[in-house]
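One structure below.
The values are calculated or read from the model by the stated rules, or taken from the named source; none is laboratory data. Note that the coordinates shown come from a computational prediction; the quantities given were computed from them, not determined experimentally. FYI the Cβ positions are ideal-geometry reconstructions off the backbone, even for glycines, and counts take in every protein chain you see.
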Amino acid sequence: MKTVRTVRDLRAALSTQRSAGASVALVPTMGALHDGHLELARRARAENDVVVMSVFVNPAQFDDPADLAAYPREEAADAELAVGVGVDLLFAPPAEEVYPPGFSAWVQLDGPIVLSLEGAQRGVGHFRGVTTVVTKLLGMAAPHRAYFGAKDAQQARVVRALVADLNIDTEIVTVPTVREPDGLAMSSRNRRLDPAERARAVGLFAALRRAQQMTSGGERRAEVILVEAGRILAEHRIAPEYLALVDADTFLPAGTVGARSALLLVAAQIGDTRLIDNVRLEAPPSVR
Ligand code: AMP
């Protein structure tokens with residue numbers, strides 16, 4: 001595996017294989033890799049000839065300077081993990097390579113998919129930072145496919161809207177959430193939890209799993225599902241920033257779980273660490 005730090009070196013490293021017709025995959029990450037990231041890379045490895053992983057802590061998507069400063073950075077360990085899953089090229093640019101002085105080409109979507117939930121909590125700058133850096137990374141690597149995690153469901157939806165609206169010729173692949181054995185969604189932020197916080201954090205998935213059990217048992221009413229999921233969060237002393245059932249396509253509130261797929265999403269601060277998670281809810285065919 002080769003590590004490159006400039007767009008010029010990235011393009012040079014890809015050019016021979018690209019002109020020989022090789023398919024190129026991009027796995028964008030902010031580093032501090034865990035098995036969730038590696039699952040994206042494994043999937044990319046299985047489906048493409050060349051796998052590029054980017055490791056870039058994107059300052060533009062952080063609403064909170066303290067969160068940006070505290071974000072874990074572990075490039076040497078990341079490189080070893082990336083080699084292990086067959087990444088060919090690690091693209092780890094410095095901030096000035098991505099945002100040189102005078103940078104002003106912000107890419108910003110509009111509508112409920114960017115304004116609701118994460119957009120409302122973290123401010124419009126968050127998804128503007130995401131869509132700007134993803135547009136740039138797709139421009140830099142020009143991948144055939146790019147891989148995103150279902151753990152950041154709203155981000156994955158936003159990226160799909162971005163490539164559709166801007167006619168970017170990259171297929172977006174969403175990979176299911178990888179969880180710890182007790183259900184906690186893997187996240188680079190989990191390592192900031194102390195043991196007591198780590199124990200409370202299982203309440204996030206416990207609440208979501210209960211909602212899945214209710215819908216597979218035939219419950220369709222959003223208000224009933226939300227009350228029960230909220231009760232399980234409270235049992236774990238979690239006061240959510242949001243707990244919401246939305247249409248998976250529009251991100252508008254869903255009143256019922258029906259044939260159209262719905263997402264139940266939660267965000268909460270556990271101590272000083274902000275965590276998010278979600279599950280898809282579908283009514284069983286018999287009650288649709
Ligand atoms: P991040 O480094 O947090 O920006 O995440 C980089 C990519 O990995 C994003 O597409 C995330 O959705 C994805 N990802 C993060 N955690 C997980 C997980 N537990 N399972 C699957 N994908 C994940």
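Can you list the helices (runs of 4 or more DSSP H) found entirely within the range 1-70 that contain at least 3 residues being within 30 Å of R274 (Cβ to Cβ)?
On the way: elements: 7-19, 35-47, 65-70.
Passing ranges, in order: 35-47, 65-70.
Is it the case that the range 56-63 has a residue that's within 15 Å of the ligand (Cβ to nearest atom), over 22 Å from V4 (Cβ atoms) and either more than 20 Å from the chain's Cα centre (by Cα) or surrounded by fewer than 17 Cβ atoms within 10 Å (Cβ to Cβ) (or both)?
Yes.
Give the range 119-131 a look and list any residue that's in a helix (DSSP H, G or I) and not hydrophobic (A, V, I, L, M, F, W, C), or say none.
If we filter the range 119-131 for residues that are in a helix (DSSP H, G or I), which is where we start, we get 119-122, 124-131.
Matches in the range 119-131: G119, Q121, R122, G125, H126, R128, G129, T131.
Restricting the range 140-180 to residues that are small (G, A, S) and either out of contact with any helix residue (DSSP H, G or I) (no Cβ under 9 Å at 6 or more places or on another chain) or under 19 Å from D110 (Cβ atoms) (or both), which is surrounded by the most Cβ atoms within 10 Å (Cβ to Cβ)?
First, the residues of the range 140-180 that are small (G, A, S): 141-142, 146, 149-150, 153, 156, 161, 164.
Now narrow it down to the ones that are either out of contact with any helix residue (DSSP H, G or I) (no Cβ under 9 Å at 6 or more places or on another chain) or under 19 Å from D110 (Cβ atoms) (or both): 153, 156, 161, 164.
Working: A153: 25, A156: 18, A161: 19, A164: 10.
My answer is A153.
Which residues, counting only those in the range 242-259, are surrounded by fewer than 22 Cβ atoms within 10 Å (Cβ to Cβ) and among the aromatic types (F, W, Y)?
Y242
May I ask you to say which residue of L184, L226, L243 is within 12 Å of the ligand (Cβ to nearest atom) and in contact (Cβ under 8 Å) with a residue 12 or more places away in the chain?
Values: L226 fails: within 12 Å of the ligand (Cβ to nearest atom); L243 fails: within 12 Å of the ligand (Cβ to nearest atom).
Exactly one of L184, L226, L243 is within 12 Å of the ligand (Cβ to nearest atom) and in contact (Cβ under 8 Å) with a residue 12 or more places away in the chain, namely L184.
Of a type in the set (A, V, I, L, M, F, W, C), part of a helix (DSSP H, G or I), without any contact (Cβ under 8 Å) to a residue 60 or more places away in the chain and buried (at least 20 other Cβ atoms within 10 Å of the Cβ): does that describe V134? Break it down into steps so the answer makes sense when it comes.
Details: of a type in the set (A, V, I, L, M, F, W, C): yes; part of a helix (DSSP H, G or I): yes; without any contact (Cβ under 8 Å) to a residue 60 or more places away in the chain: no; buried (at least 20 other Cβ atoms within 10 Å of the Cβ): yes.
In short, no.
Note down all Cβ pairs under 6 Å where the first residue falls in the range 21-42 and is of a type in the set (A, V, I, L, M, F, W, C), the second is within 6 Å of the ligand (Cβ to nearest atom), and they're at least six residues apart or on different chains.
Sorted first by the residue in the range 21-42, then by its partner, the pairs are V27/L40; A32/S188; L40/V175.
To keep it simple, each residue is scored yes or no on (1) touching a His at 6+ places or on another chain (Cβ under 9 Å); (2) buried (at least 23 other Cβ atoms within 10 Å of the Cβ).
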residue	(1), (2)
R5	no, no
D9	no, no
S19	no, no
A25	yes, yes
P28	no, yes
H34	no, no
E39	no, no
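Quick check: is even one residue across the range 155-175 over 17 Å from the mean Cα position of the chain (by Cα), part of a helix (DSSP H, G or I) and either more than 27 Å from T273 (Cβ to Cβ) or more than 14 Å from the ligand (Cβ to nearest atom) (or both)?
Yes, some residue in the range 155-175 is over 17 Å from the mean Cα position of the chain (by Cα), part of a helix (DSSP H, G or I) and either more than 27 Å from T273 (Cβ to Cβ) or more than 14 Å from the ligand (Cβ to nearest atom) (or both).
Kindly indicate whether R42 is away from the ligand (no atom under 13 Å from the Cβ), farther than 22 Å from V133 by Cα and either not assigned by TED's automatic domain parsing to the domain that holds A150 or not aromatic (F, W, Y) (or both).
Values: away from the ligand (no atom under 13 Å from the Cβ): no; farther than 22 Å from V133 by Cα: yes; either not assigned by TED's automatic domain parsing to the domain that holds A150 or not aromatic (F, W, Y) (or both): yes.
Taking the combined requirement at face value, the residue does not satisfy it.
From the list V24, V55, pick out the single residue that is assigned by TED's automatic domain parsing to the domain that holds G84 and under 18 Å from Q155 (Cβ atoms). Walk me through it before giving the result.
Details: V24 fails: under 18 Å from Q155 (Cβ atoms).
After applying the criteria, what remains is V55.
For K136, state whether it is away from the ligand (no atom under 14 Å from the Cβ) and assigned by TED's automatic domain parsing to the domain that holds T6.
Yes.
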